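Visitor: Supplied in structure tokens, the structure appears directly below.
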Amino acid sequence: MTAVAASIEAVQCRIAAAAEAAGRDPSEVRLLLAVKRVEAARIREAFAAGATLIGQNRAQELVATEPDLVDIPHESHFIGHLQSNKVNQVMRWADCVQSVDSTKLAHRLDRAAEARERDLDVFIQVNTSGEETKAGVTPESAGELAAVVGSLEHLHLRGFMTIGAHSADLDEVRASYTRLTQVAAAVVDSGASGTGEAGELSMGMSGDLEIAIAAGATMVRVGTGVFGARAL
Ligand SMILES: *Cc1c(COP(=O)(O)O)cnc(C)c1O
């Protein structure tokens with residue numbers, strides 16, 4: 001077994017234990033591998049070990065690695081801040097963009113999805129911690145953006161994404177995840193067109209996935225927990 005395969009297995013065990021502790025079915029939580037600064041050869045090892053879902057946070061890296069992965073079926077999500085001028089590069093490869101945080105970006109993605117003749121799954125990124133350095137819409141404005149995204153023909157709103165509070169205080173981390181669960185529930189309950197299937201909650205990383213799963217995560221994004229520390 002490769003080291004990557006062993007690490008994936010260990011992370012899957014953490015996911016299963018956290019789900020069971022929360023009284024949830026482990027199959028409700030998918031593992032997305034955050035593959036930034038990981039070479040294509042190691043991503044291929046992860047696929048060989050059964051991984052099917054990866055996320056890149058920079059357009060440049062997405063464009064550099066995907067051509068080496070086209071022969072292996074997988075799902076590719078964009079999880080970083082997306083600048084307008086990078087939309088076309090990302091749309092060449094992405095199955096889902098998890099970082100939609102403005103109506104302007106949503107409209108651009110919709111036009112690009114029409115142009116590529118393949119609809120795009122999207123998540124809305126919400127800044128649930130209030131930290132200034134973090135991207136995402138405020139929890140208060142998430143509903144408004146969800147209604148816009150839901151109205152666009154070539155985008156399919158699947159859920160919400162957040163990066164948890166950067167804090168040693170576990171209550172603060174937990175609150176940042178619970179907030180996303182509440183935002184998503186409010187949107188799904190709103191009955192706004194195109195928002196009924198927005199139940200995915202992408203939250204939790206290597207260090208805090210247990211807290212996110214307890215708060216309702218359906219997708220955790222793990223990088224260092226599988227591939228080891230990244231070089232700066
Ligand atoms: C890198 C990254 C992760 C994974 O973080 P780790 O701490 O390495 O598990 C998750 N989400 C986003 C948006 C990232 O850029």
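The values are calculated or read from the model by the stated rules, or taken from the named source; none is laboratory data. Given the structure is predicted, the values throughout are model-derived calculations rather than measurements. Please note: Cβ atoms are built from the backbone with ideal geometry, for glycine as well, and neighbour counts cover all protein chains shown. In case anyone asks, the SASA skips ligands and DNA or RNA and just uses the protein heavy atoms, side chains included. Shrake-Rupley method; radii C 1.70, N 1.55, O 1.52, S 1.80 Å.
Visitor: Please tell me the relative contact order of the chain in percent, rounded to the nearest whole number, where contacts are Cα pairs under 8 Å and at least six residues apart.
Guide: Details: 443 pairs, mean separation 45.1, N = 232.
Answer for the chain is 19 percent.
Visitor: Then there is this: Ignoring ligands, DNA and RNA, what percent of the accessible area of segment 22-153 is carbon or sulfur (1.4 Å)? All intermediate terms of the calculation are to be shown ahead of the outcome.
Guide: Values: 2800 of 6170 Å².
Ligands and nucleic acids excluded, carbon and sulfur give 45 percent.
Visitor: Cα to Cα, under 20 Å, and not fewer than 8 places away if on the same chain: which lysines meet these conditions relative to Lys104?
Guide: Lys86, Lys134
Visitor: Can I ask one more? Ranked by accessible surface with a 1.4 Å probe, highest first, in what order do Asp119, Asp208 come? Show your work: numbers first, answer last.
Guide: Values: Asp119 65, Asp208 25 Å².
Ranking Asp119, Asp208 by accessible area, largest first, yields Asp119, Asp208.
Visitor: Provide Arg111, Arg92, Arg230 ordered by accessible surface of protein heavy atoms (probe 1.4 Å), highest first. Before the final figure, lay out each step's value.
Guide: Numbers: Arg111 140, Arg92 170, Arg230 85 Å².
Correct descending sequence by accessible area is Arg92, Arg111, Arg230.
Visitor: Need one number: the % of Cα-Cα pairs in segment 154-214 sitting beyond the 13 Å mark.
Guide: Details: 1096 of 1830 pairs.
Here the tail beyond 13 Å accounts for 60 percent of pairs.
Visitor: Can you list the residues, at least 5 places off or on another chain, whose amide H is less than 5 Å from the amide H of Glu75, using H built in the peptide plane?
Guide: Under 5 Å from the amide H of Glu75: Leu53, Ile54.
Visitor: Right, another one. For the chain, report the accessible area per residue in Å² (1.4 Å probe, heavy atoms, rounded to an integer). Spell out each step's value before the answer.
Guide: Details: 10720 Å² over 232 residues.
Solvent-accessible surface per residue comes out at 46 Å².
Visitor: Another question, if that's okay. Which of Val183, Val38, Val149 ends up with the largest GNM mean-square fluctuation for the chain, with Cα atoms connected below 10 Å?
Guide: Result for the chain, Cα springs under 10 Å: Val38 fluctuates most.
Visitor: Using modelled backbone amide H atoms (1.01 Å from N, in-plane), which distant-in-sequence or interchain residues come within less than 5 Å of Ser99's amide H?
Guide: Phe123
Visitor: Go ahead and run the numbers for FRET between Gln182 and Met205, Cβ-Cβ distance against an R0 of 22 Å, rounding to 0.05. Intermediate values should be presented prior to the final figure.
Guide: Working: r = 20 Å, r/R0 = 0.92.
For Gln182 and Met205, the calculated efficiency is 0.65.
Visitor: Within straight cross-link reach of Lys36, meaning Cα distance under 16 Å, which aspartates and glutamates are found once same-chain residues fewer than 8 apart are removed?
Guide: Glu45, Glu61, Glu66, Asp68, Glu75
Visitor: Quickly estimate the mean residue ellipticity at 222 nm for the chain, helices only: each DSSP H run with n ≥ 4 gives -39500 (n - 2.57), and the total goes over all residues, rounded to 500. Provide the component values of the computation, followed by the final result.
Guide: Numbers: 9 runs with 97 residues, N = 232.
The helix-only estimate for the chain comes to -12500 deg cm²/dmol at 222 nm.
Visitor: Quick check on segment 28-112: take the gyration tensor over C-alpha atoms, sort the square-rooted eigenvalues as a ≥ b ≥ c, and tell me if it's rounded (a/c under 1.5), prolate or oblate.
Guide: Details: a/c = 2.21, a/b = 1.70, b/c = 1.30.
The shape class here is prolate.
Visitor: How large is the accessible surface of Thr133 in square angstrom, using a 1.4 angstrom probe and rounding to the nearest 10?
Guide: That residue has around 130 Å² of solvent-accessible surface.
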